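Here the structure is laid out as C-alpha cells; the discussion comes afterwards.
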Amino acid sequence: MHEGPVVVGWLLVALCGSTGLYCLYRAATGPGRGARRPAGVEGAMGLGMAVMAVPGAGAAAPGQAYVVFFGVLAGCSALLRARPAHRAHHVVEALAMVYMGLAMLGPAGHGAGGVPVLTGVLLAYFALYALRTGALVVPVLSAPVAVGAGPVACGGAEPAERSPEVAAGCRLALSLGMLVMLVSM
C-alpha cells in the first residue's frame, strides 16, 4: 500500500509490527478480559497494517485480502465490550484500512488514490486522534520528583506495562501509522 520511499515503508512496517506484537503480548498477559480484547484487536490491526505497509505488498497480496481481513476486524471491533468511543475508534480504524484495501484494487472510478474528500476526512480524524492521544501518553506527575530520584512508574503504583499511558501509546503509534499510509495514497 505504501507508495513513498522504501525506507519509510520499512519504518512503517517496524512501527506497526512492533506495536502489534506488543499489543498481542498485552492481550495475552492483561489483567482482565475487558482490557485484553481491545488489546487483541489493536494487535491484529498493527500486524495487518505492517503487512500492508511492506513495500510491494500490493503485488504480493491482492487488495481483496486486505478488504476481507480488515472488514472482519471492523466487525470484531464493533462487538468489543469497551467504552463506546474506544470501540468506535477501532471500527473507524478498521474501516479506513478497508478503504485503503479498496483503493489498492485500482482505478474503479476513483483512481488509485481513493476519494479525495474521504481521504481528507480520515486524515483529519487520525491527526486529531493522534494529538488527543498524544496528550494521554505524557504522564502527569502529581508530586515533584527530586533530582536523582529513581524512575517513576507511569500512573503511580501500577507497573509501567499495565499503565494507561502504554495503551494510549499503542493507539498513538497506530494512528500515526494510519496518517502515513493515508498520506501516501
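Bear in mind that the values in this text are calculations on the coordinates, not laboratory data. All of these numbers come straight from a predicted model, not from anything done at the bench. Note that each Cβ is placed from the backbone with ideal geometry, even for glycine, and that neighbours are counted across all protein chains shown.
Observations
- Distance between the 7 Å Cα→Cβ label points at Val8 and Ala135: 2.8 nm.
- Protection proxy ranking of 173-180, 49-56, 63-70 - average other beta-carbon atoms within 10 Å, highest first: 173-180, 49-56, 63-70
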